[in-house]
Structure formats: structure tokens, C-alpha cells
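Participant: This is the structure, below, for whatever I ask next.
Every number here is computed from the coordinates shown, using simple stated rules; none is lab data. These numbers come from a predicted model, not from an experiment. Here the Cβ positions follow ideal geometry from the backbone for every residue, glycine too, while neighbour counts run over all protein chains shown.
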Amino acid sequence: MKQKLLEVENLKKYYPVTVGLLSRHVADVKAVDGVSFYITEGETLGLVGESGCGKSSLGRTLLRLEEPTAGRVLYKGSDIMRWDKKQLKEWRKETQIVFQDPQSSLDPRMTIGDSIGEALLIHGVGTEKERLERVEELLTRVGLEPRHATRYPHELSGGQKQRIGIARALAVNPKLIVADEPVSALDVSVQAQILNLVMDLQQELGLAYLFIAHDLAVIGQVSDRIAVMYLGQIIELADKAELLNNPFHPYTQALLSAIPLPDPHHKRKKVSLTGEVPSPVTPPSGCRFHTRCPKVMKICSEETPALRPLAKDHSVSCHLYK
Amino acid sequence: MNNTILQINQLKTYFFTRNGVVKAVDAVSFGLRKGESLCLVGESGCGKTATALSILRLIDSPPGEIVDGEILYRGEDLLRCSSKRLRQIRGNRIAMIFQDPQSSLNPVFNVGDQIMEQVKLHLRLGHQAALEKTVQLMEQVGIPRVRERMKDYPHQFSGGMKQRVMIAAALSCNPEILIADEPTTALDATIKMQILDIFQDLKQKRNTSILFITHDLGTVAGIADRIIVMYGGRIAEVGTVFDIFDQPKHPYTLGLINCLPSISKRGERLTPIPGMIPSLINPPEGCIFYPRCQRHMPICEKQRPKEVAVSGEHTVACYLYS
């Protein structure tokens, strides 16, 4: 039975909205508003949602790259919120992050080799010679060449930069990688190369991923289980096959129907969502999705539905299902 | 075809840089028909944006220059007409939506003013009439609460809304041809669908010809009548949407289709195209796809393949078929 690596309980992250010269705190952007899930060793949990749903904030908050407003995050059973700086630093070797924009996440004034090896240096791993060897090993593993170590980021393409981001994350032998939209900025053929790399590394190294993306086709390609996020909350969570074949929540159904199919013969039944995502400062009452839901009922604006298991390994928060 | 309204013949657009001459568009020919949706598909650096900008003589010069070719709009060569004539056509008969709405909208003017400016300029309407026309245009593209929102600034709109503003501005003169450069790229899937619906509507209700430029072959299946696949500044394959998806011929087209992630591929590895997009400085003598092609033959390296007809309207530039 594989161990639960990460358990997130009712996590919240609010960003204050301030007004005026004296920065009066008038409201909060409820970016993450009560999220719970777990990730087991070696599995990929896909987190899908559209712009502004809070998925990136969630990724950063659960790694304590930003301090949470409320909630707990347990790593191998231990509450990371209680850890001191030293324990947190040790933990950084086990959990790493790959960012969306390879351009801005690499220091333009550091060579590739230095960027990849920086974590090793910080954690005092190995001698200088050993670190150099490790950097070369990592470059090869992500499909680049040792000679790239002396290059600078601007000399590389988007796909190559993203591989560097992955190499850097792998340097300290993590158990969990939070990949925040790692392929969104890439062309399709480069995207395919990177997705294959991500999947191969998981098989080789037994890595777990929290794979964050807005593209359900990409999520479907790499995930074991999928969590769908809307306006700061998870509204459906299931095994990949179950979610893709049998989506319960109207939002999930809309997302699925919006996946562009490379098939001109197929006239898909369109669940066109009207309107736009509401503001996370003043989210709608009750079920947050009610303002755009094609199946809205009276109760939806009054009461927030809880995330409840409906079938084996399939939870949904929706009043349609009692 | 008698209903071809825009004919591009042997277009060559080069960029003269310190590192050499970049042959961004290297002898490209095609026609656009009345009321058709023609999709120009290819990855970053294939020359599709340069082709579109050349049509309206919007290439930055220096370092770019249209060195050869003809762009015939209803028989009139846009490359050789006066600037005055070009201004009459540009924005009026042929309108363009650029890639990034963020940088195409002026941040210091409200969106209503920006659209009205177009309307006044091209339709020569007085202030009140222009205002009413602007309201009508914004309503047509589905912007809610138009009279309020037209006083808002670009930064107050989401990505999808900004794109609608761009479309409203482009439609102000009811153009015969709309060139849209990656109009849905930065948008979430459900918003993409809404924008594609607008284009579909335009085609059906106003018989507008659309030249739709994108790197995403998936999006194209739902909207294209015909598709042109570009690679390395050249045309690789042309056909109807059914030709391209049912019977792709060029190894590059096949490669592009195979590397699309799909929920029906469930965890199988994708088959990416090996190698990288080529530099367009001093392109080789032969086929520009040669270094990455799994099926190359000796002649491919020596001579650039000409386009040959495979069936009906389906043509391909590849020695496998000639």
C-alpha cells in the first residue's frame, strides 16, 4: 500500500485588498478557499481549472512558498506549518517546483549549469567535482547535452528552457514535484516531448507530481487522478478514466466539451458556458458556479454543496446529486 | 477558382539581420476564397505571422523586406499600390486581429474610444452615430453591459473580453477579409469556444473570409474549410479540413497530428517530432524538413520539392508523392 505523501486539509489562501493611503484592508481575494486532497507516492494528481481559479496559488501555498491563511498540509504525516526554518529547508530537497514561464524562472545572468546546480550548492551536496558531474548527468537525463551547462538562458529555445527547469527540480532527488503549467507556453511538438519526459521520469524515479494546467487534454494525458478547480474550490475529484468518461459536475462537463477535437467529422454536443468567471473577491453565494450553470436550481444560490463521494474514488460538490 | 478574392503568388519576405538573412517567407503561394475559412497552421518560426503581416504591408522595414511576389486583392496588387490606396483597404476591406490583445490595445484610452476611433476614421460618422455603431458592434461580439463597459480601460477586461474588443474593432467596417493571428491562443478552453463561435457566425451570416493563423491543429478542425500547413517559411501541405485530418500526407503534418495530447490516448506516450525547428538563416538547398524527417530519401537533401496534387484540392510538397 503506497504511502500518502502529501495531505492537504481545508487549505485557504486569501490575498488582502487594500484601499487608500493608509492601506485599509477592505476585502480579500479568496484565491484558495478550503481545498482538501492527498497525493500518494509515485502518482500524478492533475489539477485543472481556468485562469483565476486559484490553482497556481494552491501549488505555491502548499509548498509554503507563500504562507497559507488557514488549513493544514501534512507531509508524510507531519504538519509542515509547524516546521521551523531548518526543517523547512531540509524538506525543500523532497519537494520541488517547475514554473510555467521558462523565460522568467531562469536567472538570465547565471549559466545553465549554475542554475541547475544551485540547489546542490545550497544544500551542501557533494564536492564541486561531484556537483559538476551531477549537472551533466541531469542535462543528459532531460534530453540536452553537457555542453549546454556553459550556456545562458537567452541562447536556448522555450522547450530547452523548460527542460532546464525540470533538470533543476530533479537535482536534489525530490519525491514530489509541483509542475505549474509546465507546457502551456510551448508549441505542440515541443509540448509532446516535455510531456513524454515528465512521464518517463516518473517511471524511472518513482516521482509524484501535482500537475497543474488549464488544458484538460494535457491533464488527461499525464494524470492518474484529476481534481477540477473553480473559483478557489475543488468541485470534482476522481480517477482519470472515471472523470473523463463519467463527469458529474456541469463545469467538468463544460470543460470536457470544450476540448478541441482534431476530428472534423465529429460535431460535438456543445455545452457553451455563458458569461465569465466571477471575481474571487466577491464570489457568488452558495455554489460559486451557479451564475453560469446550465442546470442551476433554486437551492444553488442559497447553499454551498459539500465535496462528497458519490462513487468509488469519485467526489463531487453539486446539488444535482443527493 | 473564380471566387478567389485574395491571391498570393510566390511571396518572399526576408529579414536582413546582423547574423544573416532570415528567409521568413520563402516563395509562398495560395488563394483565399469568398466566405471561406482558411487556416494557416504551423509552429513558432514557420513564417505564418510574417505572411499575414506581409499581406497588409505591416512588416517592420528595416530589417524586414518583401523582396518578391504579388498579393492580389480582387486583382489589385497590394504590394504595388499607393499608400493612399492601401490605407483605404487596410482596416476597411481587409482587417486584422493581432496576436496579443494586451499589446494591441492602448492602455491609456478606454475601449469605447478605441473602437469609435476606427468607426469614425473608416465610416466617416459623426460622434453620436459612431457611438451607436460602437455599441452595436460590442453587443454583436457578446460583451455584456456595453454602455457601462465601454468606458472601462483594457486592463479592466479579461483576456477573452479583450479579444472580443479586438474583434469588434476589426469588424467595424464589415471587412470582406478578416486576418486573425492566434486569436484564441492565450485563452482558456471554454472562452476559446465562445470566440470560435463568433468567427463561425461571421462566416455564416456575413460571408466574411477568414484567414485564421494558429499553431494549434486541434482548434482548427472545428472551424476550417481548408488548411495550409507551413514549415520553415514554406508550404508543406494544403487541403480541405477533411483531406488534412483524414489523409495527411506530409511527414510534418503527420507528426503534428500525432503529437496532439488527447483524452482518448490515456497515458500512452505521445510521438513527438524529433529534433528542433530550424533556423531560417541560410536554409539548405533541399527540403527544409529533411533533418527531422523519418522518411527522407537522397533527393530530399539536394532539391526543394515542388507542390504536387494528391487529389482534388489536396497538394503536398514532398518527394514521397512525386
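Participant: Where is the GNM fluctuation largest for chain A (alpha-carbon springs, 10 angstrom cutoff): A:VAL48, A:VAL29, A:VAL17?
Facilitator: A:VAL17
Participant: Let me ask something else. Just the Cα atoms of region A:162-282: what Rg and Dmax do they give in Å?
Facilitator: So, for region A:162-282, Rg and Dmax equal 16.1, 48 Å respectively.
Participant: Moving on to the next point. As a footprinting exposure proxy, order A:TYR38, A:TYR14 by other Cβ within 10 Å, with the fewest listed first. It would help to have the intermediate numbers written out before the result.
Facilitator: Numbers: A:TYR38 14, A:TYR14 19.
Least crowded to most crowded, the residues run A:TYR38, A:TYR14.
Participant: Over the Cα atoms of region B:199-322, Rg to Rh with Kirkwood Rh, two decimal places?
Facilitator: On the way: Rg = 15.8 Å, Rh = 15.9 Å.
We get a ratio of 1.00 for region B:199-322.
Participant: Taking every DSSP beta bridge that has both residues in the protein assembly as shown, what percent is antiparallel when rounded to the nearest 5?
Facilitator: 65
Participant: Using alpha carbon centroids, what distance separates region B:175-220 and region B:230-307, in Å?
Facilitator: The two parts, judged by their Cα centres, are 24 Å apart.
Participant: Work out the FRET efficiency for A:ASP114 and B:ASN282 from their Cβ-Cβ distance, taking R0 = 30 Å, and round it to the nearest 0.05.
Facilitator: Once the sixth-power term is evaluated, E becomes 0.40.
Participant: Could you list A:THR252, A:THR274 so that the one with the fewest beta carbons within 10 Å of its beta carbon is first and the one with the most is last?
Facilitator: A:THR274, A:THR252
Participant: Next up: Which value, in debye to the nearest 20, describes the size of the charge dipole of the protein assembly as shown about its Cα centre when Lys and Arg Cβ atoms bear +1, Asp and Glu Cβ atoms bear -1, and nothing else is charged?
Facilitator: Once rounded to the nearest 20, the dipole reads 1000 debye.
Participant: Mind checking the mean number of beta-carbon atoms from other chains within 10 Å of the Cβ atoms in A:217-224? Write out the running numbers ahead of the final one.
Facilitator: Numbers: counts 8, 3, 2, 7, 10, 2, 1, 1.
Going residue by residue through A:217-224 and averaging, the value is 4.
Participant: Now for a separate question. Per residue of B:184-197, count partner chain C-beta atoms within 10 Å of its C-beta, then hand back the mean as an integer.
Facilitator: 5
Participant: Top mean-square fluctuation among B:ILE244, B:ILE228, B:ILE191, Gaussian network model of chain B, C-alpha springs under 10 Å?
Facilitator: Looking only at B:ILE244, B:ILE228, B:ILE191, the largest GNM fluctuation is found for B:ILE191.
Participant: Work out how much length A:LYS129 to A:VAL17 would gain on full extension: take 0.36 nm times their residue separation and subtract the Cα-Cα distance, in nm to one decimal.
Facilitator: 35.4 nm
Participant: Residue by residue through region A:276-285, what is 3J(HN,Hα) from phi via Karplus (6.51 cos²θ - 1.76 cosθ + 1.60, θ = phi - 60°)? Round to whole Hz and write x for glycine and proline.
Facilitator: Calculated HN-Hα couplings, in order: 10, 5, x, 6, x, 7, 10, x, x, 6 Hz.
Participant: At most 11 other Cβ atoms within 10 Å and a DSSP loop assignment: could you name the trypsin sites (Lys or Arg not before Pro) in region A:24-121 that fit?
Facilitator: A:ARG109
Participant: Here is a follow-up. Ordered by residue, what ³J(HN,Hα) values in Hz, to whole numbers, does region A:155-161 give under the Karplus form 6.51 cos²θ - 1.76 cosθ + 1.60, where θ = phi - 60° and Gly and Pro are x?
Facilitator: So the J values, rounded to whole Hz, are 7, 10, 7, x, x, 5, 4.
Participant: If you don't mind, another one. For n ≥ 4 DSSP H runs only, could you compute -39500 (n - 2.57) per run for chain B, divide by its residues and tell me the 222 nm figure to the nearest 500?
Facilitator: -9000 deg cm²/dmol
Participant: Could you state the orientation-averaged shadow area of the convex hull built on the Cα atoms of chain B, in nm² to one decimal?
Facilitator: 18.0
Participant: Given the options B:CYS293, B:THR253, B:VAL241, identify the residue whose Cα lies farthest towards the positive end of the charge dipole of region B:181-322 (+1 on Cβ of Lys, Arg; -1 on Cβ of Asp, Glu).
Facilitator: Farthest along the dipole direction, towards plus: B:CYS293.
Participant: Where a ≥ b ≥ c are the square roots of the eigenvalues of the C-alpha gyration tensor, would you call region A:1-115 rounded, which needs a/c under 1.5, or, failing that, prolate if a/b is larger than b/c, or oblate?
Facilitator: Oblate shape, in that a/c is at least 1.5 and b/c is the bigger or equal ratio.
Participant: On to the next question. Positive end of the charge dipole of chain A (Lys, Arg +1 and Asp, Glu -1 on Cβ, about the Cα centre): tell me which of A:VAL277, A:LEU176, A:CYS300 has its Cα farthest that way.
Facilitator: Farthest along the dipole direction, towards plus: A:CYS300.
Participant: Ok, one more. Could you work out the helix-only [θ] at 222 nm for chain A, with each DSSP H run of four or more residues adding -39,500 (n - 2.57) and the total divided by the number of residues, to the nearest 500 deg cm²/dmol?
Facilitator: After summing the helix terms and dividing by residue count, I get -8500 deg cm²/dmol.
Participant: Compute the distance from the alpha-carbon center of region B:1-62 to that of region A:214-250, in whole Å.
Facilitator: Rounded to whole Å, the Cα centres lie 40 Å apart.
Participant: If you don't mind, there's one more thing I want to ask. Which chymotrypsin sites (Phe, Trp or Tyr not before Pro) from region B:53-145 combine a DSSP loop assignment with at most 14 other Cβ atoms within 10 Å?
Facilitator: Listed in order of number, the matching sites are B:PHE109.
Participant: I need the P(r) histogram for region A:105-173: all alpha carbon pairs, bin width 10 Å from 0 out to the longest distance, whole percents.
Facilitator: In whole percents, the pair-distance histogram is 24, 60, 16, 0.
Participant: What are the lysines whose alpha-carbon lies under 20 Å from the alpha-carbon of A:LYS240, with same-chain residues fewer than 8 places away excluded?
Facilitator: Output for A:LYS240: A:LYS2, A:LYS4, A:LYS55, A:LYS312, B:LYS265.
Participant: Run the reach check for B:LYS302 against aspartates and glutamates, Cα to Cα strictly under 13 Å, same-chain hits fewer than 8 apart removed. What comes back?
Facilitator: Candidates past the 8-residue exclusion: B:GLU285.
Participant: How many Cβ atoms of partner chains, on average, are near each residue of A:43-52 if near means within 10 Å of its Cβ? Walk me through the intermediate numbers first.
Facilitator: Working: counts 0, 1, 0, 0, 0, 1, 1, 6, 7, 3.
Mean partner-chain Cβ count within 10 Å for A:43-52: 2.
Participant: Would you work out if chain A is rounded, prolate or oblate? Take a ≥ b ≥ c from the square roots of the eigenvalues of the alpha-carbon gyration tensor; rounded if a/c is under 1.5, else prolate when a/b is larger than b/c, oblate otherwise. Intermediate results must be reported in sequence, preceding the final value.
Facilitator: Values: a/c = 1.81, a/b = 1.48, b/c = 1.23.
Because a/c hits 1.5 or more and a/b exceeds b/c, chain A counts as prolate.
Participant: Would you mind classifying the protein assembly as shown by shape? Square roots of the alpha carbon gyration tensor eigenvalues, ordered a ≥ b ≥ c; an a/c under 1.5 is rounded, otherwise it is prolate if a/b is larger than b/c and oblate if not.
Facilitator: Cα axes put the protein assembly as shown in the oblate bin.
Participant: What is the ratio of the Cα radius of gyration of region B:5-64 to 2.2 N^0.38 Å, with N the residue count, to two decimals? All intermediate terms of the calculation are to be shown ahead of the outcome.
Facilitator: Working: Rg = 12.4 Å, N = 60, 2.2 N^0.38 = 10.4 Å.
Taking the Cα Rg and dividing by 2.2 N^0.38 Å, one obtains 1.19.
Participant: Fewest to most neighbouring Cβ within 10 Å: what's the order for B:ILE257, B:ILE223, A:ILE299, B:ILE167? Before the final figure, lay out the partial values.
Facilitator: Details: B:ILE257 17, B:ILE223 20, A:ILE299 12, B:ILE167 25.
Ordered by Cβ neighbours within 10 Å, fewest first: A:ILE299, B:ILE257, B:ILE223, B:ILE167.
Participant: Next up: Equivalent-ellipsoid semi-axes (√(5λ), Cα gyration tensor) for region B:106-174, whole Å, largest first? Spell out each step's value before the answer.
Facilitator: Numbers: eigenvalues 63, 29, 24 Å².
Computed over region B:106-174, the values are 18, 12, 11 Å.
Participant: Under 5 Å between amide hydrogens, which residues at least 5 positions from A:LEU6 or on another chain qualify, with H placed 1.01 Å from N in the peptide plane?
Facilitator: A:ILE39, A:LYS76
Participant: Moving on. Tell me which lysines have Cα within less than 20 Å of B:LYS84's Cα, excluding those fewer than 8 residues away on the same chain?
Facilitator: Hits, sequence-local ones excluded: B:LYS120.
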